[in-house]
Amino acid sequence: MTASTAPPPAAPEQADRGGFVRALARLGVAFAPLYVCTLLVWTVVHGLPLVVGYAIGALLDRAVAAPTDAGTWGLLALAVGAMAARALVLLPGLALDFTLIFRVSARLKERAVAATTGRSSARGPRLSGGDVLNRVRDDSDEVAEFLGWSADFVYRTVLLVIALVVLLRTDWVTTLALAPMVGGLAVAGLLKRRVGALADDTRARQGHIAGRITDVLTGIRDLRLGGRVDWHVEELSHSFGLRRGVQARHQMYTDLLSGLFRNIVMFGTAIVLVVVSTRLVGGGFTIGDLALFLTYVGWLSEQIFFFGRAVARHQNAKVSHERIGELWRGFRADRPVPAGPPLTELTVTGLARRGGDGPGSEPVAFTGRPGDVVLLTGPIGTGKSTLLRGLIGLDPAVAGSVRWNGREVLGDADWWRSPRVGFARQGAGFVDGTVRDNLVLGDPAVDEAVMARALAAVDLAPGSPELPDGLDTPVGAGGAQQLSGGQRQRLALARMLCRPAEVYVVDDCDSSLDAATARALWRTLPVRWPGLWVVVSHNEDLAAVADRVITVRKAGA
Amino acid sequence: MTSTVTGRGVLGEGARHVRGGIWGAFAALAVSLACDLAGPLLVRAYVDDATGATTTGALVGYALGYFGVAAVGVLAGLLTSYLSTNAGWGIADAIRSRVFRHVVTRRPVLAVESRPQGETLEEVEGNADIIGEAIAEAGFRVVGNIALAVGTLVIMFTVVPQAGLGITLLVVVVAFALVKLTNLAVERWERARERKARIFGFVGDAVAARDDLLPLGASGWPARRLHGDLRELLTAERRAYVGGRAFWPLTQLFFALSFGIGFGVGLQLLGQGGITIGTLTMIYLYVDRLREPLEDMSSQVDLVQRLLAALNLAARSLTGGAEPEGARRPLPAGPLDVRFADVGFAYPGSDARVLHGVDLVVPAGSALGVVGRTGAGKSTVLNLLCGLARPDQGRVLIGGVDAADVDPVSFAARVSVLSQRAHLFAATVRENVTFFDDTVPDAEVHRVLDELGAGWVRDLPDGLDTVVGTGGRALSEGEAQVLAGARVMLRHSDLLIVDEGTSRLDPETERGWTALLGRLAEDRTVVMVAHRAATLSAMDAVAVVVDGRVDDVLRGADITALAEKPEELSR
């Protein structure tokens, strides 16, 4: 119980190299009480049929001689009682099993989300939003379910040994004759590899399709108005068909694997019947022994069936662990914001876009102090946004030097966090929820007064036609109908102003504003929120009031 | 209006595509069932022979017969699983395609845009995955297991009628409980799934916004909120899961009781010499055999419950939120004019009126600029003009046809839209510019790009084949906008609608852009929302929108005056 309230573990990078089994073991230990309870309850659930089978064997032997004797009825009562007890234990067993799997899966989901949102898109793995979501949603479940299965491994093995001892004591010749049933495990090894490869392929296709669907949804307006929706629907249907081909083959191999074991019960029964043919006639083997063997053969094959399926699932779970692990590989949680003195001077020299996708830019240099406004301007495609993102450590594709009171902080993603920096950009992302949700972002320090002040400064007063329901006005995630581009830009600014900062970094948040709004904005913000403002903008009013105006040019231009 | 779509209807429609596979799977299933049922009968003969005076040879004969039946059963079982997988995922993909098509072609654009993508993705992919998995893994087997249970009961009835009667009564009780439990669990799963869709909608948004959250110190917030949300989801899903699977303990109890009845009666009969020990063993084997299908069914019923829940959700996706089918009128040939006549509008679900009695006339071939303060209603004017919403009052006409009634094919051919929200697809530069039309020659693409001053495309290592968009080469927003502009340039439309198209350009590019618009305006009608005075000089008229009303329409010298004194924009 206590395990679930603990924050996700801050697993260092090297822990991930320990392999899938060790990762599972760590998860098992983290949920030890729940895991052990599940284990115990399910041992009883799967152990009781063995008791039943033993009682029936004895019962049949007695029934031949004295069918209605009190001892015979007693054995029947024992068998029926054991079955009824099993029914009673099942309910808590199901609840425990579900809770364990869900909690483990939730832990993985939280860790993956924490690692994804804990790094900038340029520093984390390059995956589409749909692909990330797909991994968070499905792969975590696959891994957690397998951890649930690992408990089965433990108790089923114990019970298997007990069952074999009972059989060997009853008739060791017949028991040994059952050995070929286990031979199926070798075939499983061969099938397993194929299942793994196909699982890989299926998941990759799934991620790709999810990415494409997201892409179509984002561009829905252009596609609908341009009449190209149907083309995309056809393309995706085609992708579905290709995925289905792989999926069906994957399922077939998985079933082949599990079916192989499942049908061993039939062969096991046939083996028992053939082997005991001579012994029954001779009288060394009773009908009760036969019933015991037939019951246990069914039970044994159920266990082998499980192990076969587990082998197949193991491969799937390993692939899934690999995929979800990609989201947090190299990420270290809970890194504190490094301590440092308040800003007196920020010195930027030779800052330029290097590497990455775009061409290089001419290096820029400036010095700023609290209260200054530094404006970056220049033609598009010169990498102004990349420079800003690089300045605050979001994008590693920059070179040069950024000194905070003389201390080098370029590329130090941890340094550039609130309350040191505030950031707002054109095309900012929001979550589906209210204006309040999007301003607070889970920070209790952002109260009504803080929000009111920030919204007023960007001319988005609660209760105005722009925010008819005030802070409770819904904000759609994608491109809400109630919010125009200009409103979204101002909401991004307000979100930034709701938390303290020493450096305000603003990337083109006035392009969709009309001239008067933009001018009022730039007249207010640097005065009311004194700090160093580093702004990318084409606004001419801002150029007039900025302390420094820097024009960014393409390298070699 | 759309006819109502039910979960069953959705399933039937999906199944039409794989009819052959479904029948094949059932045939294979029947063979494997027959083999399963024959087993205990053979064991009875074997035991009776063994207790009587018989030879080892006869017993081995029975044993080998059993082996043969088992082998056929195994092969039939494998064939069943292969065929049922194909059929299951075939049905699922048919439903998936149908829901996806519905979402992207029938839902209002504004509704799709305002919904988190994670939620829509879950609606299309998540639901269909459940359907496919449930049919492939449970759909056929559940039928097989029911048939196996019924077959077992019939045989028991013939052999030991007294025991058969008691067990049949129990089966009726269990079946009744099953139906009740299923209904309850379906409801619970539906609620849990909707909650789950909302949670993943949030996760999707948070992932998309991670570059904004990180510097603001809120990077840990999504995981924290997810933690709380998942705790609530656990309670909801566990209720649904345990409720659904309560069937398993129930069958266990059923098994215990029926076993007691069967064996009790059997022992009595054995005492009276009414049956043989072989028959008693067979009763036991059949009752034991009932256990497995019933246990299987409990997890399969769980899958079937999810299947029903998913089908209902799919049916709801297909009925709900569809745009009413418009009249689909084609636009008249020749130049197009635009007219707003006394237009009033409020967004659905909102009381706030965004437009009040807007009157605008744009004669064919002329260019109208729309200016106004942020939030004045300019974007709404364009949404209405694009037919994305229907005015509550008055009419919006393109070439005399109501904008919302224009046939989409005709609209796409005759009207170009350069939107503020222009999106670069995860595709090549060429595909993004030609908009997936592979008949456009490269020279034409280059000509347009050069005209827009986008020479940088030629510098790209893969040229027009460079993949951009998500996962591809990163472009600045200005570069992306130029590509979107080129997309519009390629189409020879009669009406051009521009929404803040110049908002992201630097002064130099903006000048080129303005000149270009001027040239475009010569041979087509233009309606453009603009914020910058400089881009207005190419317009024949400029409408000033204030608080959802047309405050003034400027012409000639007034536009020049406005362009020189941009503060006029916000009077």
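Are there any pairs with C-beta distances below 7 angstrom linking a residue in the range A:518-546 that is over 26 Å from A:A461 (Cβ atoms) and at pLDDT 90 or above to a residue that is part of a helix (DSSP H, G or I) and hydroxyl-bearing (S, T, Y), with the two at least 6 apart or on different chains, and if so which?
A:V536/A:S385
If I go through the range B:237-249 residue by residue, how many of them are more than 7 Å from chain A (Cβ to nearest Cβ) and in contact with a Ser or Thr (Cβ under 8 Å, 6 or more places away or on another chain)?
Selection size over the range B:237-249: 2.
Out of B:L169, B:L234, report the one residue that is part of a helix (DSSP H, G or I), within 11 Å of another protein chain (Cβ to nearest Cβ) and free of Cβ contacts under 8 Å to residues at least 40 places away in the same chain.
Details: B:L169 fails: within 11 Å of another protein chain (Cβ to nearest Cβ).
Answer to the check: B:L234.
Check B:T54 against each of (1) surrounded by fewer than 21 Cβ atoms within 10 Å (Cβ to Cβ); (2) within 30 Å of B:A136 (Cβ to Cβ) and name the one condition it does not meet.
The single condition B:T54 does not satisfy is (2).
Please find, within the range A:391-410, the residue that is surrounded by the fewest Cβ atoms within 10 Å (Cβ to Cβ) out of those that are of a type in the set (G, A, S) and assigned to a loop (DSSP other than H, G, I, E, B).
A:G406
So is B:L213 under 29 Å from A:D334 (Cα atoms) and either among the aliphatic types (A, V, I, L, M) or crowded, with 16+ Cβ neighbours inside 10 Å (or both) or not?
Taking the combined requirement at face value, the residue satisfies it.
Test A:D514 against the stated conditions and say whether it is at the interface with chain B (Cβ under 7 Å from one of its Cβ atoms), more than 25 Å from B:V207 (Cα to Cα) and in contact with a Lys or Arg (Cβ under 7 Å, 6 or more places away or on another chain).
In short, yes.
Restricted to the range A:107-136, and to residues that are in a helix (DSSP H, G or I) and either surrounded by fewer than 22 Cβ atoms within 10 Å (Cβ to Cβ) or of a type in the set (D, E, K, R) (or both), which residue is modelled with the lowest pLDDT?
A:D131
Test of understanding: among A:R249, A:R203, A:R243, which residue is basic (K, R), more than 7 Å from chain B (Cβ to nearest Cβ) and in contact (Cβ under 8 Å) with a residue 60 or more places away in the chain?
Testing whether each residue is basic (K, R), more than 7 Å from chain B (Cβ to nearest Cβ) and in contact (Cβ under 8 Å) with a residue 60 or more places away in the chain leaves just A:R203.
Yes/no matrix, rows are residues, columns are (1) under 21 Å from A:L50 (Cβ atoms); (2) part of a helix (DSSP H, G or I); (3) facing chain B (nearest Cβ under 10 Å); (4) of a type in the set (S, T, Y):
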{"site": "A:V276", "(1), (2), (3), (4)": "yes, yes, yes, no"}
{"site": "A:G284", "(1), (2), (3), (4)": "no, no, no, no"}
{"site": "A:L294", "(1), (2), (3), (4)": "yes, yes, yes, no"}
{"site": "A:L300", "(1), (2), (3), (4)": "yes, yes, no, no"}
{"site": "A:A312", "(1), (2), (3), (4)": "no, yes, no, no"}
{"site": "A:G330", "(1), (2), (3), (4)": "no, no, no, no"}
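Yes or no, residue by residue, for (1) more than 7 Å from every other protein chain (Cβ to nearest Cβ); (2) modelled with pLDDT of 85 or more; (3) in contact with a helix residue (DSSP H, G or I) (Cβ under 6 Å, 6 or more places away or on another chain); (4) assigned to a strand (DSSP E or B):
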| position | (1), (2), (3), (4) |
| --- | --- |
| A:D414 | yes, yes, no, no |
| A:L455 | yes, yes, yes, no |
| A:A461 | yes, no, no, no |
| A:Q482 | no, no, no, no |
| A:Q489 | yes, yes, no, no |
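Filter the range B:355-379 down to the residues that are touching a residue at least 24 places away in the same chain (Cβ under 8 Å), β-branched (V, I, T) and within 8 Å of another protein chain (Cβ to nearest Cβ) and list them by number. Walk me through it before giving the result.
Let us first name the residues in the range B:355-379 that are touching a residue at least 24 places away in the same chain (Cβ under 8 Å), namely B:355-373, B:376-379.
If we keep only those that are β-branched (V, I, T) too, we end up with B:358, B:361-362, B:370-371.
Scanning the range B:355-379 gives a single hit, B:V371.
Give the range B:22-36 a look and list any residue that's more than 9 Å from chain A (Cβ to nearest Cβ) and either within 27 Å of A:T278 (Cβ to Cβ) or buried (at least 19 other Cβ atoms within 10 Å of the Cβ) (or both), or say none.
Of the residues in the range B:22-36, the ones more than 9 Å from chain A (Cβ to nearest Cβ) are B:22-34.
Within the range B:22-36, B:I22, B:A25, B:A28, B:L29, B:S32, B:L33 meet the criteria.
Restricting attention to the range B:329-357, which residues are modelled with pLDDT of 90 or more, over 27 Å from A:G470 (Cβ atoms) and in a strand (DSSP E or B)?
Listed by number, the residues that qualify are B:V338, B:R339, B:F340, B:A341, B:D342, B:V343.
If you go through the range A:431-453 one residue at a time, how many are among the charged types (D, E, K, R) and part of a helix (DSSP H, G or I)?
Of the residues in that region, 4 qualify.
Determine whether the range A:233-254 contains at least one residue that is in a helix (DSSP H, G or I), of a type in the set (D, E) and surrounded by fewer than 19 Cβ atoms within 10 Å (Cβ to Cβ).
Yes: the range A:233-254 contains one or more residues that are in a helix (DSSP H, G or I), of a type in the set (D, E) and surrounded by fewer than 19 Cβ atoms within 10 Å (Cβ to Cβ).
Which condition from (1) in contact (Cβ under 8 Å) with a residue 40 or more places away in the chain; (2) of a type in the set (K, R); (3) within 14 Å of chain B (Cβ to nearest Cβ); (4) out of contact with any strand residue (DSSP E or B) (no Cβ under 7 Å at 6 or more places or on another chain) is the one that A:R436 breaks?
(1)
The conditions are (1) under 33 Å from the mean Cα position of the chain (by Cα); (2) at the interface with chain B (Cβ under 10 Å from one of its Cβ atoms); (3) not small (G, A, S), and A:T382 fails exactly one of them. Which is it?
The one condition A:T382 does not meet is (1).
Restricting the search to the range B:438-489, which residues are surrounded by 19 or more Cβ atoms within 10 Å (Cβ to Cβ) and of a type in the set (K, R)?
B:R487
Among the residues of the range B:102-111, is there at least one that is in a helix (DSSP H, G or I), more than 7 Å from every other protein chain (Cβ to nearest Cβ) and surrounded by 23 or more Cβ atoms within 10 Å (Cβ to Cβ)?
yes
Which of the numbered conditions does A:L388 fail, given that it passes all the others? Conditions: (1) in a strand (DSSP E or B); (2) closer than 29 Å to B:Q481 by Cα.
It fails just one condition, (1).
Condition first: β-branched (V, I, T) and facing chain A (nearest Cβ under 8 Å). Now tell me which residues in the range B:70-101 satisfy that.
If the condition is that a residue be β-branched (V, I, T) and facing chain A (nearest Cβ under 8 Å), then B:V74, B:T85 are the ones that fit.
Given the criteria in contact with a strand residue (DSSP E or B) (Cβ under 7 Å, 6 or more places away or on another chain) and crowded, with 22+ Cβ neighbours inside 10 Å, does B:L148 qualify?
no
For the structure I just gave you, tell me whether A:R323 is assigned to a helix (DSSP H, G or I) and more than 30 Å from A:C509 (Cα to Cα).
So A:R323 passes the test.
Evaluate the range B:221-231: report whether one residue or more is under 30 Å from A:A428 (Cα atoms), without any contact (Cβ under 8 Å) to a residue 60 or more places away in the chain and aromatic (F, W, Y).
yes
Could you look through the range B:257-269, keep only residues that are modelled with pLDDT under 85 and facing chain A (nearest Cβ under 8 Å), and pick out the one that is nearest to A:A66 (Cα to Cα)?
Checking each candidate, the answer is B:F263.
Give the residue, chosen from B:V10, B:V72, B:V18, B:V47, that is assigned to a helix (DSSP H, G or I), under 30 Å from A:V64 (Cβ atoms) and either touching a helix residue (DSSP H, G or I) at 6+ places or on another chain (Cβ under 6 Å) or touching a residue at least 12 places away in the same chain (Cβ under 8 Å) (or both). I'd like the intermediate steps shown before the answer.
On the way: B:V10 fails: under 30 Å from A:V64 (Cβ atoms); B:V72 fails: under 30 Å from A:V64 (Cβ atoms); B:V18 fails: under 30 Å from A:V64 (Cβ atoms).
Of B:V10, B:V72, B:V18, B:V47, the one residue that is assigned to a helix (DSSP H, G or I), under 30 Å from A:V64 (Cβ atoms) and either touching a helix residue (DSSP H, G or I) at 6+ places or on another chain (Cβ under 6 Å) or touching a residue at least 12 places away in the same chain (Cβ under 8 Å) (or both) is B:V47.
Is there a residue in the range A:364-377 that is buried (at least 17 other Cβ atoms within 10 Å of the Cβ), within 39 Å of the chain's Cα centre (by Cα) and within 14 Å of chain B (Cβ to nearest Cβ)?
Checked against the condition, which is being buried (at least 17 other Cβ atoms within 10 Å of the Cβ), within 39 Å of the chain's Cα centre (by Cα) and within 14 Å of chain B (Cβ to nearest Cβ), the range A:364-377 yields at least one hit.
The values are calculated or read from the model by the stated rules, or taken from the named source; none is laboratory data. Worth saying up front: this structure is predicted, and the values here are computed from it rather than measured. Backbone-built Cβ (ideal geometry, glycine too); neighbour counts: all protein chains shown.
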